[in-house]
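Peer 1: Please see the structure below; I have some questions.
The values are calculated or read from the model by the stated rules, or taken from the named source; none is laboratory data. Worth saying up front: this structure is predicted, and the values here are computed from it rather than measured. Positions of Cβ are backbone-derived with ideal geometry, glycine not excepted, and every protein chain shown enters the neighbour counts. Heavy atoms of the whole protein, side chains included, go into the accessibility calculation; ligands, DNA and RNA do not. Shrake-Rupley method; radii C 1.70, N 1.55, O 1.52, S 1.80 Å.
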Amino acid sequence: MKFTELDKTLRVYETAHDLCVLPGLNMVARLDGRNFTRLTKETLDLEAPFDSGFRDAMVATVQHLMNCGFRVIYGYTQSDEVSLLLHPEEQTFARKLRKLNSVLAAEASAKLSLILGSMAVFDCRISQLPTVDLVVDYFRWRQEDAHRNALNAHCYWMLRKSGDSASMATQKLEGLSVGDKNELLFQLGPINFNDLPHWQKRGVGCAWQSYPTAGINPMSGEVSHGTRTKISVEVNLPMKEDYREFVLNLMTC
């Protein structure tokens, strides 16, 4: 069988189940670390429960994803995950889900592995959101998750450092309310959860920012003015309704 015939016969099996995101739907990609518990607790020597060096590595990965060929409006990271809001008119790979998922996961995995000097692997899934409100709610959801995880992590490691085993610490936290966990931190620390760095509780955001530039024409000596864009990193993100407005403004600029 000739190559052209083989290609025609077999290509269909590779592409038969291609699904494309419909025009008009907003796309948010979420990338999660695979086996990052082992990576962060066993392979790497990281400070628990939060490590600023690992945070910076995740932020650098977000910045890479915003510069690797996709039109990304906003990037957000907390813990071992990344969320990317793609431009509503993004047409890369004809909006094919298998291509978007595989390439974004590969880019993130390669970048973070290079930064850490150890293999780091992400998976990826695309949320297809029909309204702006759902996009905003998506990012509020991930930030609320960051807040919940931060409280649990600080409580868990405070118990571990006080002598509890992993199972004992986990058992003690089961069924505790938010107020109980805050009280636990204050008694063992003492730590006031509200005083902890915002990036631990709210995550870190990355967005494009325009700034003015000026240059001199070497031939005429005239000064020319223009604008360029760079990625601004926000480690003090607002919360709740203020965060809603923050994300909404990025979408409507």
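Peer 1: Looking at segment 192-216, which of its residues are in a loop (DSSP other than H, G, I, E, B) and open to solvent by 40 Å² or more (accessible area, probe 1.4 Å)? First the steps, then the outcome.
Peer 2: So in segment 192-216, the residues in a loop (DSSP other than H, G, I, E, B) come out as 192, 196-197, 203.
Selection gives N192, P197.
Peer 1: Kindly indicate which of H64, H147 is part of a helix (DSSP H, G or I), open to solvent by 30 Å² or more (accessible area, probe 1.4 Å) and in contact with an Asp or Glu (Cβ under 7 Å, 6 or more places away or on another chain). Steps first, please.
Peer 2: Numbers: H147 fails: in contact with an Asp or Glu (Cβ under 7 Å, 6 or more places away or on another chain).
Exactly one residue qualifies, and that residue is H64.
Peer 1: In segment 1-57, what residues are out of contact with any helix residue (DSSP H, G or I) (no Cβ under 6 Å at 6 or more places or on another chain), part of a loop (DSSP other than H, G, I, E, B), closer than 30 Å to R202 by Cα and of a type outside the set (D, E, K, R)? Walk me through how you get there before you give the answer.
Peer 2: Step one: of segment 1-57, the residues out of contact with any helix residue (DSSP H, G or I) (no Cβ under 6 Å at 6 or more places or on another chain) are 1-18, 22-25, 27, 30, 32-45, 47, 51-56.
Remaining after also requiring part of a loop (DSSP other than H, G, I, E, B): 1-2, 16-18, 22-25, 35, 44-45, 47, 51.
Applying the additional criterion that residues be closer than 30 Å to R202 by Cα yields 24-25, 35, 44-45, 47, 51.
Across segment 1-57, the qualifying residues are G24, L25, N35, L44.
Peer 1: If you don't mind, there's one more thing I want to ask. Within segment 105-130, how many residues turn out to be of a type in the set (S, T, Y) and buried (at least 20 other Cβ atoms within 10 Å of the Cβ)? Spell out the reasoning first.
Peer 2: To start, the set of residues in segment 105-130 that are of a type in the set (S, T, Y) comprises 109, 113, 118, 127.
Next, only the ones that are buried (at least 20 other Cβ atoms within 10 Å of the Cβ) stay: 109.
So the answer is 1.
Peer 1: Now for a different question. Pairs needed: first member in segment 88-111, without any contact (Cβ under 8 Å) to a residue 60 or more places away in the chain and on the phi < 0 side of the Ramachandran plot; second member anywhere, basic (K, R) and open to solvent by 60 Å² or more (accessible area, probe 1.4 Å); C-beta distance under 9 Å; at least 6 residues apart or different chains.
Peer 2: Cβ pairs passing all conditions: E89/R71; Q91/R71; T92/R71; T92/K99; S109/R34.
Peer 1: Let me ask something else about it. List pairs: first residue in segment 30-57 and closer than 27 Å to V72 by Cβ, second residue part of a helix (DSSP H, G or I) and among the charged types (D, E, K, R) anywhere in the structure, Cβ distance under 8 angstrom, at least six positions apart or on different chains.
Peer 2: From segment 30-57, the pairs are R30/R142.
Peer 1: Answer yes or no as to whether L97 is within 10 Å of the chain's Cα centre (by Cα), surrounded by 15 or more Cβ atoms within 10 Å (Cβ to Cβ) and at pLDDT 95 or above.
Peer 2: Working: within 10 Å of the chain's Cα centre (by Cα): no; surrounded by 15 or more Cβ atoms within 10 Å (Cβ to Cβ): yes; at pLDDT 95 or above: yes.
No, not satisfied.
Peer 1: From the set of residues in segment 192-232 that are under 30 Å from M58 (Cβ atoms) and free of Cβ contacts under 8 Å to residues at least 12 places away in the same chain, which is farthest from the chain's Cα centre (by Cα)?
Peer 2: Here the answer is N192.
Peer 1: Among the candidates S83, S109, S118, single out the residue that is outside any helix (DSSP H, G or I), more than 22 Å from R148 (Cβ to Cβ) and not hydrophobic (A, V, I, L, M, F, W, C). Break it down stepwise before answering.
Peer 2: On the way: S83 fails: more than 22 Å from R148 (Cβ to Cβ); S109 fails: outside any helix (DSSP H, G or I).
Result of the check over S83, S109, S118: S118.
Peer 1: Please count how many residues of segment 150-191 are under 18 Å from M239 (Cα atoms) and either over 27 Å from the mean Cα position of the chain (by Cα) or open to solvent by less than 60 Å² (accessible area, probe 1.4 Å) (or both). Break it down stepwise before answering.
Peer 2: Residues of segment 150-191 under 18 Å from M239 (Cα atoms): 150-151, 178.
Subset that is either over 27 Å from the mean Cα position of the chain (by Cα) or open to solvent by less than 60 Å² (accessible area, probe 1.4 Å) (or both): 150-151.
Qualifying residue count for the region: 2.
Peer 1: Can you find a residue in segment 3-21 that is surrounded by fewer than 14 Cβ atoms within 10 Å (Cβ to Cβ), within 30 Å of Q209 (Cβ to Cβ) and over 17 Å from the mean Cα position of the chain (by Cα)?
Peer 2: Checking segment 3-21: not a single residue is surrounded by fewer than 14 Cβ atoms within 10 Å (Cβ to Cβ), within 30 Å of Q209 (Cβ to Cβ) and over 17 Å from the mean Cα position of the chain (by Cα).
Peer 1: Of the residues G53, G69, G24, only one is under 26 Å from R148 (Cα atoms) and not basic (K, R); which? Quick ask: steps written out before the conclusion?
Peer 2: Details: G69 fails: under 26 Å from R148 (Cα atoms); G24 fails: under 26 Å from R148 (Cα atoms).
Testing whether each residue is under 26 Å from R148 (Cα atoms) and not basic (K, R) leaves just G53.
Peer 1: Moving on. K41 passes all but one of (1) at pLDDT 95 or above; (2) open to solvent by 40 Å² or more (accessible area, probe 1.4 Å); which number fails?
Peer 2: (1)
Peer 1: Only one of L237, L185, L250 is touching a His at 6+ places or on another chain (Cβ under 7 Å), of a type outside the set (S, T, Y) and either in a loop (DSSP other than H, G, I, E, B) or closer than 25 Å to V82 by Cα (or both). Can you tell me which? First the steps, then the outcome.
Peer 2: Numbers: L185 fails: either in a loop (DSSP other than H, G, I, E, B) or closer than 25 Å to V82 by Cα (or both); L250 fails: touching a His at 6+ places or on another chain (Cβ under 7 Å).
Going through L237, L185, L250 in turn, the sole match is L237.
Peer 1: Condition (residue is in contact (Cβ under 8 Å) with a residue 40 or more places away in the chain, open to solvent by less than 90 Å² (accessible area, probe 1.4 Å), aromatic (F, W, Y) and more than 20 Å from C253 (Cβ to Cβ)) applied to segment 76-84: is it met by at least one residue?
Peer 2: Filtering segment 76-84 for residues in contact (Cβ under 8 Å) with a residue 40 or more places away in the chain gives 76-84.
Still in the list and also open to solvent by less than 90 Å² (accessible area, probe 1.4 Å): 76-84.
With the extra rule that they be aromatic (F, W, Y), the set shrinks to 76.
Then keep just the ones that are more than 20 Å from C253 (Cβ to Cβ); that gives none.
The answer is no; no qualifying residue exists.
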